[in-house]
1. What pairs come up if the first residue lies in the range 76-100 and is under 30 Å from residue 6 (Cβ atoms) and not assigned by TED's automatic domain parsing to the domain that holds residue 218, the second is modelled with pLDDT of 95 or more and within 7 Å of the ligand (Cβ to nearest atom), and their beta carbons are under 8 Å apart, counting only those six or more places apart or on different chains?
2. For residue 48, indicate whether it is closer than 16 Å to residue 137 by Cα and modelled with pLDDT of 95 or more.
3. Kindly provide the set of residues from the range 217-272 that are touching a strand residue (DSSP E or B) at 6+ places or on another chain (Cβ under 8 Å) and without any contact (Cβ under 8 Å) to a residue 40 or more places away in the chain, ordered by number.
4. Considering only residues that are within 12 Å of the ligand (Cβ to nearest atom) and at negative phi, which ones fall in the range 116-143?
5. Say whether the condition of being in contact with a strand residue (DSSP E or B) (Cβ under 6 Å, 6 or more places away or on another chain) and at pLDDT below 95 is met by at least one residue in the range 299-311.
6. What are the residues in the range 191-206 that are touching a helix residue (DSSP H, G or I) at 6+ places or on another chain (Cβ under 7 Å), surrounded by 17 or more Cβ atoms within 10 Å (Cβ to Cβ) and either more than 20 Å from residue 89 (Cα to Cα) or free of Cβ contacts under 8 Å to residues at least 24 places away in the same chain (or both), if any?
Ligand code: SF4
């Protein structure tokens, strides 16, 4: 069963006045256990909803609609399936201790439903027989899978879960049932790089269309998990990995007309190289995994420059992490010419996780406040919207409202897209 958390305006549920808190038990006789069941079973022309009112009375609703139209029910969040592995490089173990961060950051999720719905990477190690059946029955494809290595002993050493050694059997099963996989390797030096990486890439490539893409992401140890028996890649190791990736890409481009295997921006940056342009990534959308984000933002800004409104004389500050600094400096120089504003790009060091964590989305509210303090006064400050959660709170529980109140004479805006933000702010 699911409980209604809210209703989309002007939806079927809105017209029917379905109340928040109503329990949905079944649709067309199928038990509804979570949001995914709701999505799956409401996609019919005739929908018979069995529900229970807040006072315990039963409610039956018969609805006719287009199969594509949703009911407009937003359910309460599902209980997240937890990870049963114990990777030494786990980002959750890399969090600061002593409850410094909001609770969600301490949850190790490994939930195939979130993989299908939101592209979260999963390891397949906590799937029960009925989960496998559901993946096949509801055609939960594509799934995003952290493979790391196809050699059972290597994967077992990395995930420290006996179930993880069955990765080849798991991928076989998904392939046989037509479930497509976006695979990922988190590259750890002296563990799954070198010959192991080459063999893993060949194994995954040989699986044909069932592995749609492979992303290679360098391990990112923080100040809190760097002493758990691992280290970050050196520049030479990153260069070697990029050479290996290029070998399989050349083969894929000839045989499949796509690169198929994609190195994360961070791998290029750690190798001292410029991340590639958009052609490298074909049309694959893997930005959430740090693959192609720099390329995307560069393209977006260069294509949108002509539409920006003039802003002569304004001082605009752009806060970011180390990994985006150079790119943003180049892009804001072009925006300066197009708008007449003066830009200052401020690269912030991560005070929560340590200097090895360079992504803007993991900077705290205190880091942002510090950067703004150093640059005030300004007319407008922009920072990555990824640094906020849905309640506009930074990782350290500073709210956007609190940050703004520290700089009452200046505008401070989160930004997903520089062009959109500068057009609408
Ligand atoms: S699979 Fe992911 S969440 Fe689980 S221990 Fe490994 S890194 Fe952490």
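1. Partner pairs satisfying both residue conditions: 81/110; 82/110; 83/110; 83/123.
2. Numbers: closer than 16 Å to residue 137 by Cα: no; modelled with pLDDT of 95 or more: yes.
Against the criterion (closer than 16 Å to residue 137 by Cα and modelled with pLDDT of 95 or more), residue 48 does not qualify.
3. 238, 242, 249, listed by residue number.
4. Applying the first criterion (within 12 Å of the ligand (Cβ to nearest atom)) to the range 116-143 yields 120-126.
Scanning the range 116-143 gives 120, 121, 122, 123, 125, 126.
5. Checked the range 299-311: no residue is in contact with a strand residue (DSSP E or B) (Cβ under 6 Å, 6 or more places away or on another chain) and at pLDDT below 95.
6. 201, 205
The values are calculated or read from the model by the stated rules, or taken from the named source; none is laboratory data. Predicted model, so just to flag it, every value in this text is computed and none were measured. Note that each Cβ is placed from the backbone with ideal geometry, even for glycine, and that neighbours are counted across all protein chains shown.
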